[in-house]
Amino acid sequence: MEKQHLTIAGGGSTYTLGLLMSLISEKDNFPLASITFYDTDIERQQKVAEASKVVIKEKYPDLEEFIVTSDKETAYKDKDFIFVQIRTGGLEMRIKDEEIPLSHGIVGQETCGPGGMAYGLRSIKDMIELVEDIRFYSKDAWILNYTNPAAIVAEALKRVFPEDHRLINICDMPISIMNGLATLINRSVWDLDPGYFGLNHFGWFTDIYDTEGHNLTDEIKNKILSEGLQPESEIAEDPSWIATFKQVEQTLRDFPEYIPNTYLQYYLYPKKMVEKENPKYTRASQVIGGRAKEVFEMCERISARQTIADEKLEGDVHGVYMVKIAESFAYNKNEKFIVMTKNNGTIPNIPKEAIIEVPALITSNGVKPIQVGEIGTFYKGLMESQYAYEKLTVDAYFEGSRLKLLQALTLNRTVVNANIANDILNDLLEANKDYWPNFA
Ligand code: NAD
Ligand code: G6P
Ligand code: MN
């Protein structure tokens, strides 16, 4: 197998160490010649890189080269894969994305509702620049992007790079939910073959088979209704994720046709989601005091001791998913994964140009989505209005139109009321003035 040259953009991310462990656990299937970390925050990346050196020395001695850089040419020249996980404005701006809507009684969430819009308008500029830089140095590299809000980022990138078929946006929520579903029936997540459709953070599992053709859907639904669904792997112990997975039970009871993506809770039960939150200590603060703190403390310990012995550090579902998809691109494995792709008739009764999230075969010739067919009125209505919100947000970015931002927020199920949309928008404009383009 030909060895790959990989760059991780956002090398200082809280997910990098987990991703590195996933690359190590998959190294026989996705062998690497080199790993390069690239980040605009050199100091932050260095902390992760120092620990990564120790990890590589112990667990990946056959890796030929490990490079740490903030130079674009070094990062992107002659690479086969670029994994992207950046956060424009950092977790500090995420606090504002969440607190501002909540101060108006509206869902405050990283990717859903006004918070998602705010984050999206920050991410677009950096993501366009990043893809332009990559394409300047490596025109054929596969770009696997995780950067959120993935729906809005994907819609914007589609407009600037319409013919770029090696640029793929991926979310780990479907596999993370499948991980929980698999545990309910004592199976491995990699044995499950799902039917799924939707937009990013806005979709449904229609059925779940195993790889031998048994339909497990009813068994799984019954287990959810009788036992509830729990998060697994790296998020298993997190109270916020435990509550989110628990909510799937009620959603399935109310809408028993399909198993919902956890993110639908914000659109279907917005009032309940607002009531659950502490508007002065939102998820962003939990992450800063939790995952981010733990990751950087672990990095310090590993660097000080020069060993990863005694550390709980392993490949996670988030990372392994990304790596397995990369394997399928690299070696034309034709394996099926849920990814984002342009609709183009995969769901014939919603707009052709929409970015949808569906199972697709991952090949060396690109993403081959599997036909979904027409969807029911409820799902069509929800998806079209959500897609209109996403589209208007991206239109607003390129046109500098405040009106379109107001239209987007008014359409969003988490907001609806135009007065509230206007008030939130004013606060978000003020908070994001260093990041957003000018809106007239
Ligand atoms: P983080 O802030 O901890 O890390 C992001 C890193 O990116 C930082 O080190 C930062 O310095 C760097 N960065 C910021 N702008 C950059 C730029 N223009 N070029 C290069 N580097 C840049 O964030 P995190 O919590 O680790 O999350 C990283 C990203 O992954 C976020 O966008 C998050 O939403 C996303 N994410 C997506 C999924 C998914 O399902 N798609 C899952 C998990 C995380
Ligand atoms: C899931 C979603 C990601 C999101 C992450 C946020 O994995 O698919 O899109 O970034 O959750 O998690 P956090 O723990 O930061 O709230
Ligand atoms: Mn996601």
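Please find, within the stretch 206-246, the residue that is farthest from residue 260 (Cα to Cα) out of those that are away from ligand 1 (no atom under 16 Å from the Cβ) and among the polar types (S, T, N, Q).
Filtering the stretch 206-246 for residues that are away from ligand 1 (no atom under 16 Å from the Cβ) and among the polar types (S, T, N, Q), the one farthest from residue 260 (Cα to Cα) comes out as 211.
Which of the residues spanning the stretch 158-184 are assigned to a loop (DSSP other than H, G, I, E, B) and either out of contact with any Lys or Arg (no Cβ under 8 Å at 6 or more places or on another chain) or not aromatic (Phe, Trp, Tyr) (or both)?
162, 163, 164, 165, 166, 170, 171, 172 - these are the residues of the stretch 158-184 that are assigned to a loop (DSSP other than H, G, I, E, B) and either out of contact with any Lys or Arg (no Cβ under 8 Å at 6 or more places or on another chain) or not aromatic (Phe, Trp, Tyr) (or both).
Does the stretch 243-278 hold any residues that are in a helix (DSSP H, G or I) and over 24 Å from residue 195 (Cα atoms), and which are they? Before you say what the answer is, go through the steps one by one.
Start the filter on the stretch 243-278 by keeping residues that are in a helix (DSSP H, G or I), which leaves 243-254, 264-268, 270-276.
Those that are in a helix (DSSP H, G or I) and over 24 Å from residue 195 (Cα atoms): 243, 270, 271, 272, 273, 274, 275, 276.
Condition check: away from ligand 1 (no atom under 16 Å from the Cβ) and either of a type in the set (Ser, Thr, Tyr) or open to solvent by less than 40 Å² (accessible area, probe 1.4 Å) (or both). Does residue 325 satisfy that?
Values: away from ligand 1 (no atom under 16 Å from the Cβ): no; either of a type in the set (Ser, Thr, Tyr) or open to solvent by less than 40 Å² (accessible area, probe 1.4 Å) (or both): yes.
When the stated conditions are applied, residue 325 does not pass them.
Quick one: residue 187 ticks every box in (1) part of a loop (DSSP other than H, G, I, E, B); (2) within 16 Å of ligand 2 (Cβ to nearest atom); (3) open to solvent by 50 Å² or more (accessible area, probe 1.4 Å) bar one, so which box is it?
Single failed check for residue 187: (2).
Looking only at the stretch 106-125, filter to residues that are within 16 Å of ligand 2 (Cβ to nearest atom), out of contact with any Leu (no Cβ under 7 Å at 6 or more places or on another chain) and in a helix (DSSP H, G or I); which one of those is farthest from residue 432 (Cα to Cα)?
First, the residues of the stretch 106-125 that are within 16 Å of ligand 2 (Cβ to nearest atom): 107-113, 115-120, 122-123.
Filter again for out of contact with any Leu (no Cβ under 7 Å at 6 or more places or on another chain), leaving 107, 109-113, 115-116, 119-120, 122-123.
If we keep only those that are in a helix (DSSP H, G or I) too, we end up with 113, 115-116, 119-120, 122-123.
Values: 113: 16, 115: 11, 116: 13, 119: 9, 120: 11, 122: 8, 123: 12 Å.
Step by step, filter the stretch 106-125, then rank; the result is 113.
In the stretch 297-314, is there at least one residue being within 16 Å of ligand 2 (Cβ to nearest atom) and over 16 Å from the mean Cα position of the chain (by Cα)? I'd like the intermediate steps shown before the answer.
Residues of the stretch 297-314 within 16 Å of ligand 2 (Cβ to nearest atom): none.
Looking for residues that are within 16 Å of ligand 2 (Cβ to nearest atom) and over 16 Å from the mean Cα position of the chain (by Cα), one finds none in the stretch 297-314, hence no.
What are the residues in the stretch 197-248 that are among the hydroxyl-bearing types (Ser, Thr, Tyr) and touching a Gly at 6+ places or on another chain (Cβ under 6 Å), if any?
Here is the first cut: in the stretch 197-248, the ones among the hydroxyl-bearing types (Ser, Thr, Tyr) are 206, 209, 211, 217, 226, 233, 240, 244.
206 - this is the single residue of the stretch 197-248 that is among the hydroxyl-bearing types (Ser, Thr, Tyr) and touching a Gly at 6+ places or on another chain (Cβ under 6 Å).
Please go through the stretch 57-72 and give me each residue that is within 26 Å of the chain's Cα centre (by Cα), surrounded by fewer than 18 Cβ atoms within 10 Å (Cβ to Cβ) and more than 14 Å from ligand 1 (Cβ to nearest atom), ordered by number.
Result: 67, single match.
Have a look at 40, 88, 74 and point out the one that is under 24 Å from residue 123 (Cβ atoms) and assigned to a helix (DSSP H, G or I). Don't jump to the end; show me each part of the working.
Numbers: 40 fails: assigned to a helix (DSSP H, G or I); 88 fails: assigned to a helix (DSSP H, G or I).
Among 40, 88, 74, only 74 is under 24 Å from residue 123 (Cβ atoms) and assigned to a helix (DSSP H, G or I).
For the stretch 190-221, give me each residue that is farther than 25 Å from residue 267 by Cβ and surrounded by fewer than 17 Cβ atoms within 10 Å (Cβ to Cβ).
190, 191, 209, 210, 211, 212, 213, 214, 215, 218, 219
Taking residue 79 as the residue in question, decide whether it is open to solvent by 20 Å² or more (accessible area, probe 1.4 Å), in a loop (DSSP other than H, G, I, E, B) and in contact with a strand residue (DSSP E or B) (Cβ under 6 Å, 6 or more places away or on another chain). Before you say what the answer is, go through the steps one by one.
Details: open to solvent by 20 Å² or more (accessible area, probe 1.4 Å): yes; in a loop (DSSP other than H, G, I, E, B): yes; in contact with a strand residue (DSSP E or B) (Cβ under 6 Å, 6 or more places away or on another chain): yes.
In short, yes.
Can you tell me which of (1) over 18 Å from residue 357 (Cα atoms); (2) among the β-branched types (Val, Ile, Thr); (3) not in a helix (DSSP H, G or I) is the one residue 143 doesn't meet?
(1)
Show me the helices (runs of 4 or more DSSP H) entirely contained within the stretch 279-365 in which 1 or more residues are modelled with pLDDT under 95 and within 16 Å of ligand 3 (Cβ to nearest atom).
Here the list reads 317-330.
The values are calculated or read from the model by the stated rules, or taken from the named source; none is laboratory data. What you see is a predicted model, and the numbers here were worked out from it, not measured in a lab. Note that each Cβ is placed from the backbone with ideal geometry, even for glycine, and that neighbours are counted across all protein chains shown. Side chains included, ligands, DNA and RNA excluded: accessible areas come from the protein's heavy atoms. Shrake-Rupley method; radii C 1.70, N 1.55, O 1.52, S 1.80 Å.
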